[in-house]
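Visitor: One structure, as structure tokens, below. Some questions next.
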Amino acid sequence: MTCEDHGGKAPRYAACRHNGRYIGKHVRALMQKTGESPNGRYALHVCHNCRCINPDHLYWGDQRRNIKDAVEAGRHDPSRKLTEQQVSYVLENYKPYDRHTGGAALGIQLNVCEQTITKLVRNGGY
């Protein structure tokens, strides 16, 4: 099974309009496959690739399952801290809103959330 990239400029999830509001392209892909609306559920990725919109890689789940999947895939570790080398890399390379060196992009590269990068830059380190 090959991932299908959403093809947009967004470094992570891409959005599209559906019934007058924005939803994730991955959500739309799963809605089209299953014929179901989210009804409070999340469209979760088997492949753990947030840019993927291949409906065969998606399934409906809740927030608890989303966090469990992230932990099992090593994408979420609340106790994780960046190494000194990683902190230096962020402080030297961060450019706000840049596709390759903005908070979201650096977060993906270092496997932390965008807020971690933003707080790091604001505080000049930990």
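The values are calculated or read from the model by the stated rules, or taken from the named source; none is laboratory data. Fair warning: this is a prediction, and the values are worked out from it, not measured in the lab. No Cβ is skipped: glycine too gets one built from the backbone with ideal geometry, and neighbour counts run over all protein chains shown.
Visitor: Return only the number of the condition from (1) outside the structural domain of C113 (by TED's automatic domain parsing); (2) closer than 20 Å to T116 by Cα; (3) among the β-branched types (V, I, T) that V90 does not satisfy.
Guide: (1)
Visitor: Can you find, within segment 25-41, the residue that is surrounded by the fewest Cβ atoms within 10 Å (Cβ to Cβ) among those that are at pLDDT 95 or above and within 18 Å of D69 (Cβ to Cβ)?
Guide: P38
Visitor: Would you mind finding the one in R65, R75 that is touching a His at 6+ places or on another chain (Cβ under 7 Å) and either modelled with pLDDT of 90 or more or surrounded by 12 or more Cβ atoms within 10 Å (Cβ to Cβ) (or both)? Explain how you work it out, then say what you get.
Guide: Values: R65 fails: touching a His at 6+ places or on another chain (Cβ under 7 Å).
Just a single option satisfies the conditions, and that option is R75.
Visitor: Further question on the same structure: For segment 95-113, name all the residues that are under 18 Å from A70 (Cα atoms) and either without any contact (Cβ under 8 Å) to a residue 12 or more places away in the chain or of a type in the set (S, T, N, Q) (or both).
Guide: Selection gives G107, Q109, N111, C113.
Visitor: Would it be correct to say that H100 is assigned to a loop (DSSP other than H, G, I, E, B) and touching an Asp or Glu at 6+ places or on another chain (Cβ under 8 Å)? Walk me through how you get there before you give the answer.
Guide: Details: assigned to a loop (DSSP other than H, G, I, E, B): yes; touching an Asp or Glu at 6+ places or on another chain (Cβ under 8 Å): no.
Criteria not met by H100.
Visitor: Sticking with this one: So which residues in segment 30-46 are out of contact with any strand residue (DSSP E or B) (no Cβ under 9 Å at 6 or more places or on another chain) and either part of a helix (DSSP H, G or I) or closer than 24 Å to A104 by Cα (or both), if there are any at all? Steps first, please.
Guide: As a first pass, look at segment 30-46 and keep what is out of contact with any strand residue (DSSP E or B) (no Cβ under 9 Å at 6 or more places or on another chain): 32, 35, 37, 40.
Once the filter is applied, which keeps residues that are out of contact with any strand residue (DSSP E or B) (no Cβ under 9 Å at 6 or more places or on another chain) and either part of a helix (DSSP H, G or I) or closer than 24 Å to A104 by Cα (or both), segment 30-46 yields only Q32.
Visitor: Which numbered condition trips up H6, out of (1) in contact (Cβ under 8 Å) with a residue 40 or more places away in the chain; (2) crowded, with 17+ Cβ neighbours inside 10 Å; (3) under 30 Å from N123 (Cβ atoms)?
Guide: (3)
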